[in-house]
1. Please go through the range 83-103 and give me each residue that is surrounded by 13 or more Cβ atoms within 10 Å (Cβ to Cβ), polar (S, T, N, Q) and assigned to a loop (DSSP other than H, G, I, E, B), ordered by number.
2. Cβ-Cβ below 8 Å, separation at least six or inter-chain, first residue in the range 44-70 and closer than 21 Å to Gly80 by Cα and in contact (Cβ under 8 Å) with a residue 24 or more places away in the chain, second among the polar types (S, T, N, Q) and surrounded by 14 or more Cβ atoms within 10 Å (Cβ to Cβ): which pairs?
3. Going through the range 29-41 one residue at a time, which ones are more than 8 Å from the chain's Cα centre (by Cα) and either buried (at least 17 other Cβ atoms within 10 Å of the Cβ) or without any contact (Cβ under 8 Å) to a residue 24 or more places away in the chain (or both)?
4. Just need a number here: residues in the range 53-85 that are of a type outside the set (Ser, Thr, Tyr), within 20 Å of Gly43 (Cα to Cα) and more than 23 Å from the chain's Cα centre (by Cα).
5. Can you find a residue that is surrounded by 12 or more Cβ atoms within 10 Å (Cβ to Cβ) and either within 15 Å of the chain's Cα centre (by Cα) or modelled with pLDDT of 95 or more (or both) anywhere in the range 2-24?
Amino acid sequence: MKRKKKIATAIMAGVLIVGFAAVSSADNCFNKLGRGVMNTVTGWLEYPNQIVEVSKEYNPFAGATFGQAKGVGYGVYRTGVGVFDTVTFLIPPYDATYMQPKFVFGQED
């Protein structure tokens, strides 16, 4: 019985590895799930990111005032979008994202 479980586990692991390798570059439910989990976990990083971005675009005073407000708003929004993507990862479309860039420190698509 132990031997059958080991064989079944090895076969399942092989199928999963091949399956993930085959779809790693395509837009699919696993990419949507990964994007959702990443944005849920890192949404709070919008706060310091927006302070820096607003400071670069305008000035440090704007970054310290408007940048903080913008960071809180973007952080809440990114976290919400991440939760939404995580919960609905099995439902198409897989390539649509409700926030640009797709990740906190990513480039615009």
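1. Hits for the range 83-103 are Thr88, Thr97.
2. Filtered contacts from the range 44-70: Trp44/Thr79; Tyr47/Gln68; Gln50/Gln68.
3. Across the range 29-41, the qualifying residue is only Asn31.
4. Of all residues in the range 53-85, those of a type outside the set (Ser, Thr, Tyr) come to 53-54, 56-57, 59-64, 66-73, 75-76, 78, 80-85.
Applying the additional criterion that residues be within 20 Å of Gly43 (Cα to Cα) yields 53-54, 63-64, 66-73, 75-76, 78, 80-85.
Pick out the ones that are also more than 23 Å from the chain's Cα centre (by Cα) and you get 63-64, 66.
Qualifying residue count for the region: 3.
5. No, the range 2-24 has no match at all.
Here is a yes/no grid of residues against (1) exposed (fewer than 15 other Cβ atoms within 10 Å of the Cβ); (2) basic (Lys, Arg); (3) modelled with pLDDT under 95; (4) part of a helix (DSSP H, G or I):
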{"residue": "Ala26", "(1), (2), (3), (4)": "yes, no, yes, no"}
{"residue": "Trp44", "(1), (2), (3), (4)": "no, no, no, yes"}
{"residue": "Phe61", "(1), (2), (3), (4)": "yes, no, no, yes"}
{"residue": "Ala69", "(1), (2), (3), (4)": "yes, no, no, yes"}
{"residue": "Val81", "(1), (2), (3), (4)": "no, no, no, yes"}
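The values are calculated or read from the model by the stated rules, or taken from the named source; none is laboratory data. As the structure is a prediction and not an experimental result, all values here were calculated from the model. A quick note on method: Cβ atoms are made from the backbone with ideal geometry, for glycine too, and the neighbour counts reach across all protein chains shown.
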